[in-house]
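Student: Dropping the structure in here first, questions after.
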Amino acid sequence: MVRIPDAKVALSTASVYPESTATAFEIAARLGYDGVEVMVWTDPVSQDIEALRRLSDYHRIPILAVHAPCLLITQRVWSTDPWTKLQRAKAAAEKLDASTVVVHPPFRWQRQYARDFVDGIWRMADETDVRFAVENMYPWRYRDREMLAYAPDWDVTKDDYRHFTVDLSHTATARTDAMDMVERMGDRLGHVHLADGKGSAKDEHLVPGRGTQPCAELLERLAVNGFDGHVVIEVNTRRAMSSAEREADLAEALAFTRLHLASAVKVPRS
C-alpha cells in the first residue's frame, strides 16, 4: 500500500528567476504543482495583492505561502521597516488565503529588530491563523573566514519559535546535519524549502537529487510522520539555457518530490 501525506507541493516564484512572477504561475499550473509560494521582491507583480489574486484565479493555482521581503535586494520593498514588511506579508497571506508567511532571522546590523525578533514573531503569530515559519540560514564565508550575518542566530532551532521552515540548500551552505536540524524542529516544522547543495559557500539551491543533502530521506520522513505543511520547490534555474530547460528542471524537481513523498506502509492483516 502507498500512503501519501496531505502535504502540498508548491513552486516558489523565485525558482523561475530571471523570468517573472507571472511566468511562475503559468509553469506551476502547466506542470501540475499544487500551488505557489510568492517570493515578494523587486518584481512589482509580486508586491501587488490584486495582481497576484488575478494570476491565481486565471491559472487556477492557489497561493499557499508568502515569503516576506527580507533579502538584501529587497531592503526597500514594502517599506524599510522590517516589522512593517511582516505586517504587510501577514495581510497579503490573509487576503490571498495563504497559510504561511516565511521569514528569515534579522541581519545582525538590524540591532533593534534582532533584539525584539523572537518575542515579536510570537506576538504576530498570536494575531492571526497564518503561520510565521522562521527559516534556517547559514554563516557567510569568504575563503577561510566566516561571518555570522544573522541574529539571534542563523540556526533558528536555538531560539523559541512556534513554526520553522527548513531549507536544505541552507543546511548545505551551513555544513550542518539537515536531519539533525529537522529532529530539533520536531512538530514545529511547518514548512519545507526543498533544494539541494554540495556545501559550497554559495547558497546553491540545486534541483533535489543533484547535491549531497538528504532530500529523499527528509521527504520519506515527512510521509511517515503525516506532515501536513507545504513542500516548496525553491531552486536556482538562472543557468538554464532556455525556457524549456528551466521547465524541465522544475518538472524533475516535482517528480522527485512526489516520488519520495509516497511512503510504503505495511497494513496489518485483520
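The values are calculated or read from the model by the stated rules, or taken from the named source; none is laboratory data. All values reported here derive from a predicted model rather than from experimental measurement. Virtual Cβ from ideal backbone geometry, glycine too; neighbours counted across all protein chains shown. Remember, those area values only see protein heavy atoms, side chains included, never the ligands or the DNA or RNA. Shrake-Rupley method; radii C 1.70, N 1.55, O 1.52, S 1.80 Å.
Student: Would you be so kind as to identify which of Thr74, Val101, Val9 lies farthest towards the positive end of the dipole of the chain, taking Lys and Arg as +1 and Asp and Glu as -1 on Cβ and the Cα centre as origin?
Tutor: Ranked along the dipole, the leading option is Thr74.
Student: Looking only at Thr237, Thr173, Thr80, which one moves most when the chain is put into a Gaussian network model with springs between Cα atoms under 10 Å?
Tutor: Checking each option, the largest mean-square fluctuation is seen for Thr80.
Student: Sticking with this structure for a sec: Nearest-5 percent of antiparallel DSSP beta bridges in the chain?
Tutor: So the antiparallel bridges amount to about 20 percent of the total.
Student: GNM, the chain, Cα, under 10 Å: largest mean-square fluctuation among Pro139, Pro18, Pro105?
Tutor: Pro18
Student: Moving to a separate point now. Considering the zone a paramagnetic label at Glu94 would reach in this model (a point 7 Å from Cα along the Cα-to-Cβ line), which residues of the stretch 110-143 have amide N under 18 Å from it?
Tutor: Answer for this model: 120-133.
Student: For the chain, which whole-number percentage of the solvent-accessible area (1.4 Å probe, protein heavy atoms only) is attributable to carbon and sulfur atoms?
Tutor: 49 percent
Student: Give me the count of lysine pairs in the chain whose alpha carbons sit under 27 angstrom apart, restricted to pairs 8 or more positions apart or on different chains.
Tutor: So the count of such lysine pairs works out to 11.
Student: Let me ask something additional. In sequence order, what are the phi-derived ³J(HN,Hα) couplings for the stretch 65-73 according to the Karplus relation 6.51 cos²θ - 1.76 cosθ + 1.60 with θ = phi - 60°, rounded to whole Hz, with x for glycine and proline?
Tutor: Listing the rounded values in order: 8, 10, 8, 4, x, 10, 7, 4, 6 Hz.
Student: Which one, Pro18, Leu189, Met39, projects farthest toward the positive side of the charge dipole computed for the chain from Cβ point charges (K/R +1, D/E -1)?
Tutor: Pro18
Student: I'd like to know which of Ser56, Asn225, Asn236 lies farthest towards the positive end of the charge dipole of the stretch 6-260, counting +1 on Cβ of Lys and Arg and -1 on Cβ of Asp and Glu.
Tutor: It is Asn236, whose Cα lies furthest towards the positive end.
Student: Which residues in the stretch 186-211 have a backbone N closer than 15 Å to a point placed 7 Å from the Cα of Asp153 along the Cα-to-Cβ line?
Tutor: It comes to 186, nothing else.
Student: Note the full-extension length gain between Leu72 and Trp140 as 0.36 nm times their separation in residues minus their Cα-Cα distance, in nm to one decimal.
Tutor: 23.2 nm
Student: On to the next question. If you place +1 on the Cβ of every Lys and Arg, -1 on the Cβ of every Asp and Glu, and leave all else neutral, what size is the dipole of the stretch 1-159 about its Cα centre, to the nearest 20 Debye?
Tutor: 300 debye
Student: Enumerate the amide H contacts of Ser200 below 5 Å, restricted to partners 5 or more residues apart or on another chain; note that Pro and chain-start residues carry no placed amide H.
Tutor: Hits under the 5 Å cutoff: none.
Student: Arg175 to Ala255: FRET efficiency via 1/(1 + (r/R0)^6), r the Cβ-Cβ distance, R0 25 Å, to the nearest 0.05?
Tutor: Between Arg175 and Ala255 the formula returns 0.35.
Student: Let me ask something else. DSSP beta bridges in the stretch 94-208, what fraction antiparallel, as a percent rounded to 5?
Tutor: 30 percent
Student: Could you provide, to the nearest whole Å², the per residue accessible area of the chain with probe 1.4 Å?
Tutor: I get 48 Å² per residue for the chain.
Student: Determine by what factor the alpha-carbon radius of gyration of the stretch 6-260 differs from 2.2 N^0.38 Å, reporting the quotient.
Tutor: So the stretch 6-260 has a normalised radius of gyration of 0.93.
Student: Using a ≥ b ≥ c from the Cα gyration tensor of the stretch 169-270 (square roots of the eigenvalues), is it rounded, prolate or oblate, where a/c under 1.5 gives rounded and otherwise the larger of a/b and b/c decides, a/b for prolate?
Tutor: oblate
Student: Before anything else, pin down the relative contact order of the chain: Cα pairs under 8 Å, at least 6 apart, normalised by residue count, whole percent.
Tutor: Relative contact order, the chain: 21 percent.
Student: If I model a spin label as a point 7 Å beyond the Cα along the Cα-Cβ vector, how far apart are those points for Arg30 and Lys202 in nm?
Tutor: 2.7 nm
Student: To the nearest Å, what is the center-to-center distance of the stretch 16-55 and the stretch 124-165, using C-alpha atoms only?
Tutor: So the separation of the two Cα centres works out to 25 Å.
Student: Running a GNM on the chain with Cα contacts under 10 Å, which residue among Asn136, Asn225, Asn236 ends up with the highest mean-square fluctuation?
Tutor: Between Asn136, Asn225, Asn236, it is Asn225 that shows the largest mean-square fluctuation.
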